[in-house]
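Input: a single structure, listed below in structure tokens.
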Amino acid sequence: MNLKLILVLILMVALVLSTPLFQRDDASYIEFTSASIRFNGTDATITIHYDLAPTAKAYIFAFGTGSIESNIENISSSFEDYKIVRIKPEYAEILVKNASIESKGYYLHHEIELPTRFRVLEVYTPEKSSPRNYYNMNTTPNIFYQSAQP
């Protein structure tokens, strides 16, 4: 047989056999490392960064990011009105509507508990160019900010 065909068959068998790895509840194949929250008015865009095990990377390369969608959905479910914008092999982006409440150009975001802990959580508000960094967080912090000046 052709060497390329043999290698392709071996890779396919390995990927099929590794599928149960990605259906486990403990999600040991994905490690959430950091997140950033960018507030814009009452809405927020959350970018979640993660590391994948080598077999998970190979699986995602071959079959797409559908296998990690439930993990991203689990984190997103902490928010009432959200939409998963994109899932990539290194990060996911979530749009959260009405993450804050507004009064006369000032905004308040109340703490929300997250189902996982992030080593670093960066929070960007419209009036500041640099983020506030929070470490070892499993909640979004209480944040008070104002809209960007025109």
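The values are calculated or read from the model by the stated rules, or taken from the named source; none is laboratory data. Remember, predicted model here, so these are calculated numbers, not experimental data. All Cβ positions, glycine included, derive from the backbone under ideal geometry; neighbour counts span all protein chains shown.
At-a-glance table
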read-out: Output for segment 119-150, where each listed residue is in contact (Cβ under 8 Å) with a residue 24 or more places away in the chain, within 22 Å of Gly41 (Cβ to Cβ) and exposed (fewer than 13 other Cβ atoms within 10 Å of the Cβ); value: Asn142, Phe144
read-out: Verdict on His109 being in contact (Cβ under 8 Å) with a residue 60 or more places away in the chain and either closer than 13 Å to Ile37 by Cα or exposed (fewer than 12 other Cβ atoms within 10 Å of the Cβ) (or both); value: yes
read-out: Per-region count, segment 37-66, residues closer than 21 Å to Ser78 by Cβ, touching a residue at least 40 places away in the same chain (Cβ under 8 Å) and surrounded by fewer than 20 Cβ atoms within 10 Å (Cβ to Cβ); value: 8
read-out: Conditions (1) of a type in the set (Ser, Thr, Tyr); (2) under 12 Å from the mean Cα position of the chain (by Cα); (3) surrounded by fewer than 12 Cβ atoms within 10 Å (Cβ to Cβ): number failed by Thr116; value: (3)
read-out: Matching residues in segment 79-106 - criterion: being surrounded by 13 or more Cβ atoms within 10 Å (Cβ to Cβ), hydrophobic (A, V, I, L, M, F, W, C) and under 14 Å from Asp43 (Cβ atoms); value: Phe79, Ile94, Leu95, Val96, Ala99
read-out: Residues (more than 16 Å from Glu31 (Cα to Cα), in contact with a Lys or Arg (Cβ under 9 Å, 6 or more places away or on another chain) and either in contact (Cβ under 8 Å) with a residue 60 or more places away in the chain or of a type outside the set (D, E, K, R) (or both)) located in segment 77-93; value: Phe79, Tyr82
read-out: Extreme residue, modelled with the lowest pLDDT, among residues of segment 57-108 that are touching a strand residue (DSSP E or B) at 6+ places or on another chain (Cβ under 7 Å) and of a type in the set (Phe, Trp, Tyr); value: Phe79
